[in-house]
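Notes follow the structure.
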Amino acid sequence: MVDHGPPRRGLAATLAVIVLGIAAMAIVAMVVLWPDSTKVPRDANPYGGQGVTTVDAKVTGVDPFDCNSGGQGPDGLPQVKGDCAHITASTDDGTATFDLDAARYKAGIKAGDEVKILRIAPKGQAVSYEFLDFRRGLPLTALAAIFSVLVVVVARWRGLFALVGIAVTMLALTKFILPAFLAGESPLLVAMVGSTAIMIVVLYLAHGVSIRTTSALFGTLVGIGLTGLLGLGATAWTNLSGVGSENDQVLVASVPGIHLQGVVAATMVIAGLGVLNDVTVTQASAVWELRAVQPTMRGAQLFASAMRIGRDHIASSVYTLVFAYAGSAMTILLLITAYQQSLGTMATTEEIGTEIVRTIVGAIGLVLAVPITTAFAVLMAPSGEDEQEEAYVPTRRGSHAGPAGS
């Protein structure tokens, strides 16, 4: 294990053994928890029934008409007022026509739009079409490409390795974590094992193999464990069932064996990974930089100085969590405002309560990870004597370079 400071082969070897041991346990746990393909629900797609296919189309005409939309719907909920629309679209097989309700038409559709539609062809009956969604493949791909290029141009090799880390994360989510949830495995255990494996790979990919990165990894793993335990306790304490929206109900109906309450706790671990990783890496780097600037600083002083940086980072990261969850729940918050209900009243509902608990648990795990990571980093950072011995490194020409780094 390489470090960016004085050679400390004994410590590096010990840490390498520990990290390899943790990685081995994570791999074994993944093998044990790996979902049986026969237990993962298949063909639960409501748009994949017999005679139902999805086709690409291009809108060629939009004809509004009065459909008496307005007032209340059949379930007593408010209904969008306004016209509906007859839509004509071209497909590879010819022309398709379908109607849009007032809500979708009001949201906006025009000639030239690329859409996906359902072709419904029951045996012995006439073919009909329904609107499914807009086609967003090209703009999404373009945005991803722009993002990737910018990351590589600005961050260079580290940016490239960070993109590889994203790919690893998506692979772990789609091939292990999500299928294991659907197969009925313990969601929290799966999330913690998967998160551990992801962080081991991602941290070393993005930040290099070093003692400094290892200190951040240890803090991150402790943070994952604490967040998981807190999430489990908070979910049970607040009686969060996981059934807070129509999508949740559809999921339970489609996958009866899924443990939605466990999924709620598991999402608290996964949702906080990014910010947790950011905080632990920053704290480890802060300790190393402080040690480089003041090599003779005592451990307690180093911890106190790094924590002053950590407190600022905690404040900004907590805001990040709150804003992220507020953004994801914006539609619900808008409805609360429109209904003129107090936030205190709506906060106890399943849907809002889940977001609040997720935010608080993530923030607690984040706050606790800062001093824990700082302590690991202080213990593992180069000592003052080592820094002084390695302060100047002779160059080939006999001159002296600056500090050896850390």
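Coordinate-derived values only; no laboratory data. Computed from a predicted model, the values in this text were never measured in an experiment. Using ideal geometry, Cβ is built from the backbone for each residue, glycine included, and neighbour counts are taken over all protein chains shown.
Taking amide H atoms as placed 1.01 Å from N in the peptide plane, list the residues 5 or more away in sequence, or in a different chain, whose amide H sits under 5 Å from that of THR60.
THR88, ALA89, SER90, GLY112
Would you work out the relative contact order for region 52-134, in percent, from Cα pairs under 8 angstrom that are 6 or more residues apart?
33
Under the rule that an exposed site lies in a DSSP loop and has at most 13 other Cβ atoms within 10 Å, name the longest stretch of the chain with no trypsin sites (Lys or Arg not before Pro) of that kind, not counting the sites themselves.
Numbers: sites that count: ARG42, LYS81, LYS110, LYS123, ARG136, ARG298, ARG396, ARG397.
With trypsin sites (Lys or Arg not before Pro) excluded where exposed in loops, the chain gives 137-297 as its longest stretch.
Given C-alpha coordinates of region 331-372, what is the ratio Rg to Rh with the Kirkwood estimate of Rh?
With Rh from the inverse mean 1/r over Cα pairs, Rg/Rh is 1.18.
For the chain, what is the Kirkwood hydrodynamic radius in Å, using each pair of distinct C-alpha atoms?
Mean inverse Cα-Cα distance, inverted, gives 25.3 Å.
Determine the dipole magnitude for the chain: charges of +1 sit on the beta-carbon of Lys and Arg, -1 on that of Asp and Glu, nothing else is charged, the reference point is the Cα centre, and the result goes in debye to the nearest 20.
1160
With +1 on the Cβ of every Lys and Arg and -1 on the Cβ of every Asp and Glu, and nothing else charged, how large is the dipole of region 64-183 about its Cα centre, in debye rounded to the nearest 20?
With Lys and Arg at +1 and Asp and Glu at -1, about 680 debye.
Given R₀ = 60 Å, FRET efficiency for VAL28-LEU140 by Cβ-Cβ distance, to 0.05?
For VAL28 and LEU140, the calculated efficiency is 0.95.
Tell me which residues come under 5 Å, amide H to amide H, from SER69 once H is placed; ignore anything under 5 positions away on its chain.
GLY82
Check each of the chymotrypsin sites (Phe, Trp or Tyr not before Pro) in region 80-153 and keep only those in coil by DSSP with at most 13 other C-beta atoms within 10 angstrom; list them in order.
Nothing satisfies the criteria.
Can you tell me the relative contact order of the chain? Whole percent, Cα pairs under 8 Å, sequence separation 6 or more. Please report the intermediate quantities before stating the final value.
On the way: 582 pairs, mean separation 70.5, N = 406.
With pairs under 8 Å counted, the relative contact order is 17 percent.
Add +1 for every Lys or Arg and -1 for every Asp or Glu among the other residues with Cβ under 11 Å from the Cβ of LEU333, and state the total.
-2
Counting only Cα, what are the radius of gyration and maximum Cα-Cα distance Dmax of region 236-323, in Å?
According to the Cα coordinates of region 236-323, Rg and Dmax are 20.2, 63 Å.
Nearest 500 deg cm²/dmol is fine: what mean residue ellipticity at 222 nm does the chain get from its DSSP H runs of n ≥ 4 alone, each adding -39,500 (n - 2.57), divided by its residue count?
The helix-only estimate for the chain comes to -20000 deg cm²/dmol at 222 nm.
So for region 52-134, what are the equivalent ellipsoid semi-axes in whole Å, largest first, each being the square root of 5 times an eigenvalue of the Cα gyration tensor?
For region 52-134, the semi-axes come out at 24, 16, 10 Å.
List the residues of region 101-144 whose backbone N lies under 20 Å from a point placed 7 Å from the Cα of GLN79 along the Cα-to-Cβ direction.
In region 101-144, the label zone of GLN79 (backbone N under 20 Å from the point 7 Å along Cα→Cβ) covers 101-108, 131.
To the nearest whole percent, what portion of all C-alpha pairs in region 248-292 is separated by more than 12 angstrom?
Value for region 248-292: 71 percent of Cα pairs lie more than 12 Å apart.
Averaging sequence separations of C-alpha pairs under 8 Å and six or more residues apart, then dividing by the length of region 206-355, give the relative contact order as a whole percent.
Contact order relative to length: 28 percent.
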